[in-house]
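> Supplied in structure tokens, the structure appears directly below.
The values are calculated or read from the model by the stated rules, or taken from the named source; none is laboratory data. This structure is a prediction, so every number in the text was calculated from the model and none was measured. For neighbour counting, all protein chains shown are included, and Cβ atoms are generated from backbone atoms with ideal geometry for every residue, glycine included. Accessible surface is based on the protein model in full, side chains and every heavy atom, while ligands, DNA and RNA are left aside. Shrake-Rupley method; radii C 1.70, N 1.55, O 1.52, S 1.80 Å.
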Amino acid sequence: MSAKPHLIVKWLLLFVLFDSSAVAEYRDAVGWYELVEELGAETPDGTGIKVSLIESAVIRNYLPDRSNFDFIGKTFTVMSGDSGHSNHATVVGQRLFGNTMSMAGGIDQIDLYESVDWLLDGFLQVGQPLFPAIETSRIQNHSWAGSFDEDEFNVEAMRRLDYAIERDRFVAVVALRNDIFAVPPLLAHAYNAITVGRPSGEHSRG
């Protein structure tokens, strides 16, 4: 392919309200307190797990606020170039690996990607005669949705993601849109990913 694909990415905000009561509610919903009661001090907290946080740029900013108190002791590796802070990335990071807001506060190694760069040169290499990069993280988090102009590139991106997951044995968690319209072409159709919607059910479908 002679030209890189053109991408339209729609930013997806999954977490709007974020306070201590919301944290308690989601921990209760997934049975975390029961797990802690059963395992006590042996409850896993993510220690030793590395993750990749992939975020769409909002006004060219995609990085979480690394000075946030919830990220004390974390080591961040910027994979897609420097930028300012994104509130969305900060909130998602707090939920995924924050010291106080997450169920996995022991996670302390985080790679940070911007979604377009991750799709193209940074990781998947869509439209290029190259294999996807090797993923050294155990988890990839994608709280965004979007699509290429040409559907062939959407299909290629999904095939590349499925290949990378099977090859490198990581968990990819991908998002639906926050509305009831059609499932976005990226990345919810991937066979090997875990696709997540809203607890209310008010997310894309079909």
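> Can you give me the number of residues within region 38-60 that are surrounded by fewer than 20 Cβ atoms within 10 Å (Cβ to Cβ) and within 21 Å of I107 (Cα to Cα)?
Going through region 38-60, the residues surrounded by fewer than 20 Cβ atoms within 10 Å (Cβ to Cβ) turn out to be 38-50, 58-60.
Checking which are within 21 Å of I107 (Cα to Cα) leaves us with 39-50.
Within region 38-60, residues that are surrounded by fewer than 20 Cβ atoms within 10 Å (Cβ to Cβ) and within 21 Å of I107 (Cα to Cα) number 12.
> Let me ask something additional. Within region 71-83, can you find the residues that are part of a loop (DSSP other than H, G, I, E, B) and closer than 21 Å to L120 by Cα?
First, the residues of region 71-83 that are part of a loop (DSSP other than H, G, I, E, B): 72-74, 79-83.
Across region 71-83, the qualifying residues are M79, S80, G81, D82, S83.
> Under 6 Å between Cβ atoms, at least 6 apart or on separate chains: pull out the pairs that start in region 89-109 with a residue that is closer than 14 Å to I72 by Cα and part of a helix (DSSP H, G or I) and end on any residue that is among the aromatic types (F, W, Y) and open to solvent by less than 10 Å² (accessible area, probe 1.4 Å).
none
For every residue, the table says whether it meets (1) under 29 Å from S67 (Cα atoms); (2) free of Cβ contacts under 8 Å to residues at least 12 places away in the same chain; (3) open to solvent by 40 Å² or more (accessible area, probe 1.4 Å); (4) in contact with a Phe, Trp or Tyr (Cβ under 9 Å, 6 or more places away or on another chain).
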site: Q125; (1), (2), (3), (4): no, no, no, yes
site: D149; (1), (2), (3), (4): no, no, yes, no
site: A164; (1), (2), (3), (4): no, no, no, yes
site: R169; (1), (2), (3), (4): no, yes, yes, no
site: F181; (1), (2), (3), (4): no, no, yes, no
site: L186; (1), (2), (3), (4): no, no, no, yes
